[in-house]
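Before any comments, here is the structure.
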Amino acid sequence: MAFVRLLAIVCATFAGVQLASAQGPPPPIFPPPSASPPPPAVPVTAPPPVVPTIGSTQPAATGAQVKLDRAAAEQQCDAHEPSCNWLATLGGLERQSMRRAITARGYQLEPEPWGKVVGQIRVYNEDVFAEKTRLLRFFNNFHVTSKESVVRAEVILRPGEVWDQNKIEETARRLRDPIFTSVIAVVPVKSAEAGKVDILVVTRDIWSLRLNTAYTFQQGTLTDLQTSLSENNFLGRRVLIAASFSLDQGAVAAGPLFIDKNFLGRHLNLTARVSTILNREALFGSDIGLPGAPRDPNTPSGGTFDREGSSSSISINRPLWNLATKWGVGVSFSHRFAVDRSFYKTNLRPVWCPIGGECVKQIDSRNPTTPSAFNPTMTPIDEQLPWAYAMRRWGATVSAVRQFGTAYKQQVSFGYGIDSIHPRLLDSFPGTVEQREPFARAVLPRSEVTSVPFVSYGMYTPRYKTRRNVQTYDLAEDLRIGPSVDASIGFGLKFLGSDYEFQRGALSGSWTFPWCRDGSVTLSAGLSTRHQDGEFIDNAASVSTRVVSPVYKQLRLVAESTFGTRWNDTTNALLKIGSDTGLRGFAINEFSGQRLSGTQIEVRSLPVALWVFRLGGVVFYDVGGAADKIGELGLHHDVGLGLRSLIPQTSRELFRFDLAFPLDGDGAGHPKFIAGFRSEF
């Protein structure tokens, strides 16, 4: 196909440029489809590349030569060559941990495990801070390392089975859990029994007794915060127990959290959380009222525990534990009785409700007010109402899934779900009697109980690639290659308690193409609808493209483009873009409507190792907008630069600081910054 040929040409260009500097053999353009590709035309012996250590300031990856060394080693091992060097196939942090494990235990790598029976599963759990630094090692006293038996139970390939590299790689993917583990490496080592091979699993926990924190700071305001005082690895059993605290622009939620992904030792996944919800404005004294409106004198100025409601969620399921698992089942329940809010910039989103007319929720801050959109600064403040209402929502689901297939994994699920959604105006609704009904029609979602039996189908190819330095630094990241499809249909039935008879359907698909050794292109699309009373309502569709280029020198390009649309919508939902939702140089949710377009492009550097830190930078360009009609959708632009950092021993999530400069609008040229965790996209 033309698209794949184009990728091949670009890949060959990248490979040729890097060859000139590395003076080594080129990597193959695409991985061959078979599990055991033929050996390269000219066998290459790949010595372990130089790995930066703690205290080094050289790049965590040393350029094209390191990549080609690793690629050559992977080819040798894939081709079952006697010269296979498993150590050379690992990333920098994994290689450091493996070397320490081999030295400490006296193991020897087995270069030819194929066809041999597995003897024992050996586990080496490193300290969180394994480096020879007294200050860092002190913190190991506050961490209980994962028990070897707990890690051993997660290994898919068992003693007595013949060595299977696919199961070894699947084991690494299972153990690479961001809650518990930073480093995972699984390799064959020589067995004391003739004709057998042992499995060595080396893990490095994330520091468990901790104050977990993730936040976003934008427009001079802490817009969201998730923090918890937790023990992420209770008694070394990979169980999380926490007192959690989360904050958004309007509310604060606090309560206990429990996660056990191997409940009762049966590969059951149990998650439970209960929270009480408080009004943020009353607790901290922040003013989130309408822009330009005086502060409500009845609102506490801080220090008041104004309880708005509660939320909870509990689920227990037996997932499809590995690719060979045939059945999975699950049951879940959740509720949230609280206040729902929508925000515009750092304040509650205004809704224009002229007396005697219908309310208008579309904002256009750059033009005068019209019947279809209003400018908050040109509209009387007494005709503007805050987007906030009380909501009582709860739901329960029970389901089962059957998995089958080898080259194409297929999953058929069936189950039953019941949901109750009941919004109402706040007791403190600030509008007049005449404004109540128009506001409810414009803002509140449909009040209903849905009782829905459903069936769904999913298909994907179980092909994976391991790459680094895309969403995090230095640590292995798993990418699934090939097509995937998901389709579902549900039936709302009155005789089962549903308020309406309807049919609900969804269809989505994606295809990820590998690009050279560490790049990819993903195309995806989705569609959902509801058929009720002879018409299709609540329709939504989206298409997106994500491109991750191969590394060139010390840089890679990452880009993502999305277009979304809603039509005949009865839920009063909006698509929004602005600040951390896509346009970093603009205000929070500055643009909204039933159509949305957004593209983000970043040039990202590879990380530099500086003591325990991994540091990198980005430059970026964003373009996007939202409106009710495509013809009204204006595009807005910004450029900027950012800093990324990571301490691998404490988290897999990057800290980011972005400085953005909008290129249009009233704020053109005035910088805005966002700080928080996780990559922007």
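For the reader, a short list of remarks on this structure follows.
- The separation of the stretch 297-359 from the stretch 556-612, counted between C-alpha centres, amounts to 21 Å.
- In degrees, nearest ten, helix 165-175 long axis to first principal axis of the chain (Cα): 40
- In the chain, the longest principal axis of the Cα atoms and the axis of helix 64-78 are about 70 degrees apart.
- The stretch 64-116: C-alpha gyration tensor shape, a/c 1.5 cut-off, then a/b vs b/c: oblate
- Here K553 is the anchor, and the aspartates and glutamates within straight C-alpha reach of less than 14 Å, apart from those fewer than 8 places off in the same chain, are D518.
- Whether the stretch 432-519 is rounded, prolate or oblate, judged on the alpha carbon gyration tensor where a/c under 1.5 counts as rounded: oblate
- Option label - Cα extents along the principal axes in Å computed here, alternatives [x] 86, 65, 60; [y] 120, 95, 54; [z] 87, 57, 56: [z]
- Cα-based reach from K345 at 21 Å (exclusive), listing lysines while leaving out same-chain residues under 8 positions away: K361, K576, K672
- For the stretch 144-161 versus the stretch 169-211, the spacing of their alpha-carbon centroids is 8 Å.
- Rounded tilt (10° steps) of 433-443 against the dominant C-alpha axis of the chain: 30
- Between the listed residues F657, Q384, N317, the Cα displaced farthest toward the positive end of the dipole of the chain, a dipole computed from Cβ unit charges relative to the Cα centre, is found at N317.
- Span from the the stretch 83-114 Cα centroid across to the the stretch 230-280 one, whole angstrom: 36
- Per residue value of the accessible surface for the stretch 98-187 (all protein chains in place, 1.4 Å probe), Å²: 46
- Under 24 Å of direct C-alpha separation, and excluding same-chain neighbours fewer than eight residues apart, K190 reaches these lysines: K116, K147, K167.
- In the chain, a dipole from Cβ-located charges (positive for Lys and Arg, negative for Asp and Glu) runs towards its positive end, and of Y416, F586, Q503 it is Y416 whose Cα lies farthest in that direction.
- Solvent exposure ordering (accessible area, 1.4 Å, most first) of D419, D205: D419, D205
- Site pair L320 and E653 shows an inter-label distance of 2.7 nm when each label is modelled 7 Å from Cα along Cα→Cβ.
- Prolate/oblate/rounded label for the stretch 446-594 (Cα gyration tensor, a/c 1.5): oblate
- Per residue accessible area in Å² of the stretch 274-399, where ligands, DNA and RNA are left out and the probe is 1.4 Å: 49
- Net charge of the neighbourhood of A71, taken over other residues with C-beta under 11 Å away and scored Lys/Arg +1, Asp/Glu -1, is -1.
- Qualifying trypsin sites (Lys or Arg not before Pro) in the stretch 479-567, where qualification requires a DSSP coil assignment and no more than 14 other C-beta atoms within 10 Å, comprise K553.
The values are calculated or read from the model by the stated rules, or taken from the named source; none is laboratory data. No experiment lies behind these values; they were computed from the predicted model shown. Ideal geometry is used to build each Cβ from the backbone, glycine not excepted, and the neighbour counts take in all protein chains shown. Accessible surface areas use protein heavy atoms only, side chains included; no ligands, DNA or RNA. Shrake-Rupley method; radii C 1.70, N 1.55, O 1.52, S 1.80 Å.
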